[in-house]
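FYI, it's all coordinate maths here, none of it is from the lab. Being a predicted model, the structure only gives us computed values, none of them experimental.
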Amino acid sequence: MLASFASDFWNWLSNLWNSFAGWLQGLVQSAISAIGGFFSALLSGMASLMQQLLSGLVHALETLFAPVFGLIRAVFYFVQKVFHVLYLLLQLMVALVHLLLSFIWGLIQTLAGFSFSGTAPTMPADVASPFTHMASVFSLLQLNNVAYVMRFGIWIFTALAVIRLISNFGASGGSD
């Protein structure tokens, strides 16, 4: 009987201990779950707060630096346009030099044409015969000399016009 009482008592103690351990385990799990939920809510709230703070900071910085970035953009646009104008001026100068050199070359050729040797130019046979006859008629009428004088006059008037244009461009900025 004592053994049976001890066995029942032991079973009762074991059941008491198991129920106490189950209750304690539930209590610890509830406490851990509550603490975990608290920290989860706390960290979630902090993350939301940080997100809102950083969003506000980014918006404030964008608003603050927008004029600075606009000014930098305007300076780079101005520099780009200045270099574009310089490029166009360089193209203009190259065209003017080309025009001047072409004029000088034409003037040299005109002056070289004054040394007329009297020989007919080398041409195809079907053109050479009429030209020879026309050249002899022109030389009899002395129109070949008039043609050379008129050619020289045209070049001189062209030279004066070019010089006048260039001098007007330098003095008044190109506007007449």
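Any chance you could run the full-extension gain for Met50 through Val162? It's 0.36 nm times the residue separation minus the Cα-Cα distance, nm to one decimal.
Values: separation 112, 0.36 × 112 = 40.32 nm, distance 7.43 nm.
Additional length available on full extension: 32.9 nm.
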message = How long are the semi-axes of the equivalent ellipsoid of the stretch 12-79, defined as square roots of 5 times the Cα gyration tensor eigenvalues? Whole Å, largest first.
response = 63, 8, 4
